[in-house]
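The values are calculated or read from the model by the stated rules, or taken from the named source; none is laboratory data. Just so we're clear, the structure is a prediction, and the values are computed from it rather than from any experiment. Methodologically, a virtual Cβ is constructed for each residue, glycine included, from the backbone with ideal geometry; neighbour enumeration extends over all protein chains shown. Surface areas here come from the heavy atoms of the whole protein model, side chains and all, with no ligands, DNA or RNA. Shrake-Rupley method; radii C 1.70, N 1.55, O 1.52, S 1.80 Å.
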Amino acid sequence: MRVTGLKLKNFRSYRDEVSMSIDDLTVFVGRNDAGKSTLLEALDIFFNDKDACVKIEPDDLNKEAEENEDYEISISVTFSDLPNEVDIDAGNKTTLESEYLVNASGELEVKKVYKNGKTDSVFLVANHPTSELSRELMQQKQSVLKKVITDNSIECSNQSINAIMRAAIRNHEDDLQLQLTEISAKTEDTKKIWDSLQRYTPVYALFQSDRSNSDQDSEVQNPMKLAVKEIMQDPDLQDKFEQIFNEVESRTKDIANQTLEKLKEMNPEIANQLSPKLPKLEELKWADVFKSIGIVGDKEIKLNKRGSGVKRLVLLNFFRAEAERRKESRNVGDVIYAIEEPETSQHPEHQKVLINALISLSASDNTQVILTTHSPALSQMLPTSSLRLVEGQSVKSGERSYGKIAKSLGVMPNYNKLILCLEGSTDVTFVKNINSSIPELKQIINLDESDISIMPLRGSNLIDWVQSDYLKNSSVIQFHLYDKDIEPKTSENQRYVDEVNARADNSSARLTNLREIENYLPQSLIEAELSVQLGSVTNWAEEDVPRLVANKLGIDEKSAKSRLNGQVSRVLTKSIFEQAGTWSEVEGWFIALKQIADTLGESND
């Protein structure tokens, strides 16, 4: 499962709930003591609990919250790329979607609440039924579910499987009255589902900048321990472990039973009270066998006795090697590498190598990288879309805060020589998805491999970016694609397009022929992918598709955009565009990009 977001409330400096998006590469930037490390440590506490680098303590409660007698700290994480099915118990499988355990965006949202420095409760935050019969079904025992079915004369094909009974009850009601609900993960089938899901959560490895200098210094130990932990997840090794376990179990049972047989000869009463007890396979911690693994230098001198620069240099090359390994291997688990201030104790040239390695690592499957920095030089090397400005009690994405990031760090983030400017982050998702999944578009220009920055602009940022022309005289060329929308927005957007096209730097801009990006998704495709009926639409090209879908699904428009451009756009094909009569236009966007890119290539030659 992939982490998509983090929410904090009452944790240290964060009083009111603050939420932020998490991408494959996420970089928290800001001044010293802005709260960057707090975000990484919150994730560490969420994922690693008692094994976290920094344990949660009563003092972590926000002081203002304490004064207002609000004693709960909450850390919430959202996930995408969910398992297709979840095994509740002994092969009884269900899905998160069918159990209404995903939020309005179709993602898993897990909220952990802490009191007095301890985990108090865990909730699944979901768009869940609140109707009379269907509310709280996940918390009910089988006997209660059977009673609901009997009392209401509900048809049910199998009353021995809870998931089937819950589905029957929900199908019986016309209106489930879906609402965002916190469902306890400590009762009945919800607990079983959460227990099962924890096998899919990523390994979270936090590398802090200020380390102790003991023989077991985790700055050196953690990369190797993490490597061992990943190796142990290899299915082939798991099979071998099971073979070893079965062999040991068989032999120890033989010895125990022989002992008890002899005991029966002397004292049958005591012997009958005893039986051999062995740990379960899943309870064994195979990685502990290798817990003392480390790296030593000449004459067995431990690496943690060397200078901090050397130690961080080893860490640097661990990530470089890991980036190559993960690109070549398809048999890897989900991992999040969280690194505080990677520039610490490193020569500028080493910093460049490290950042390139981390960017490469974040592009690998099943891998996310989260960094913190207050280094202007480092920020210039990173994609703007990955930056998150931490300021006060807020966390804002880079594309909405480039001016503030520049002011905070003293520089503007670095851009490639060609920038694709779109109206919003979901538009970016749409364009990336169709470029990745449609070979004919990728053949024109591959956005994943080309030297193109993609910047989502919206509202006042769009106006400022166009009218101020921040990159004037920078040799950077821009291609803008805006929604046509409807009047008066059409005329307003056309004015921005005209301003860009009037520049003398070969920048280019255009409006979509249809109202918005979402209108390029055919109605039938949306209905099939989202399991929704949108009804009769007179003019699909001018329809407010996000609002229509939001109303039909009972979600907000932002969530509707996210699902349309995230889920539905992935299955678009050239033939679907051709049937809708939009292929030549969409193809033209990428041809225009390619022409600009070729011009830049010629000038570089």
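Residue count for segment 470-484, restricted to those that are open to solvent by 30 Å² or more (accessible area, probe 1.4 Å) and either modelled with pLDDT of 90 or more or basic (K, R) (or both): 2. The requirement of being open to solvent by 50 Å² or more (accessible area, probe 1.4 Å), closer than 27 Å to Y100 by Cα and at pLDDT 90 or above is satisfied by K552. Just to be sure before I move on: is N92 polar (S, T, N, Q), under 26 Å from the mean Cα position of the chain (by Cα), surrounded by fewer than 18 Cβ atoms within 10 Å (Cβ to Cβ) and modelled with pLDDT under 85 in the structure I sent? Answer is no for this residue. Just to be sure, is S105 open to solvent by 40 Å² or more (accessible area, probe 1.4 Å), closer than 17 Å to L553 by Cβ and touching a residue at least 24 places away in the same chain (Cβ under 8 Å)? No. Taking segment 117-138 on its own, how many of its residues are open to solvent by less than 60 Å² (accessible area, probe 1.4 Å) and not in a strand (DSSP E or B)? So the count comes out to 7. Within segment 10-27, the residues that satisfy the criterion of being open to solvent by 10 Å² or more (accessible area, probe 1.4 Å), closer than 17 Å to E72 by Cα and in contact with a helix residue (DSSP H, G or I) (Cβ under 8 Å, 6 or more places away or on another chain) are R12, S13, R15. Among the numbered conditions (1) under 20 Å from P202 (Cα atoms); (2) touching a strand residue (DSSP E or B) at 6+ places or on another chain (Cβ under 7 Å); (3) of a type in the set (D, E), the only one that D60 does not meet is (1).
Listed here are the residues, each with its yes/no results for (1) open to solvent by less than 90 Å² (accessible area, probe 1.4 Å); (2) modelled with pLDDT of 80 or more; (3) part of a helix (DSSP H, G or I).
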site: F245; (1), (2), (3): yes, yes, yes
site: V248; (1), (2), (3): yes, yes, yes
site: D254; (1), (2), (3): yes, yes, yes
site: E269; (1), (2), (3): no, yes, yes
site: D288; (1), (2), (3): yes, no, yes
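For segment 350-375, the set of residues classified as part of a helix (DSSP H, G or I) and closer than 8 Å to L25 by Cα consists of I359, S362, listed by residue number. Taking residues in segment 359-385 that are farther than 22 Å from V335 by Cβ and of a type in the set (A, V, I, L, M), and partners anywhere that are modelled with pLDDT of 75 or more and not in a strand (DSSP E or B), the pairs with Cβ atoms closer than 6 Å and at least 6 places apart or on different chains are M381/I355. Is it the case that some residue within segment 202-211 is without any contact (Cβ under 8 Å) to a residue 60 or more places away in the chain, touching a Leu at 6+ places or on another chain (Cβ under 8 Å) and not in a helix (DSSP H, G or I)? Scanning segment 202-211, I find no residue that is without any contact (Cβ under 8 Å) to a residue 60 or more places away in the chain, touching a Leu at 6+ places or on another chain (Cβ under 8 Å) and not in a helix (DSSP H, G or I), so the answer is no.
The set of residues in segment 28-38 that are buried (at least 20 other Cβ atoms within 10 Å of the Cβ), over 14 Å from F11 (Cα atoms) and over 18 Å from the mean Cα position of the chain (by Cα) comprises V29, G30.
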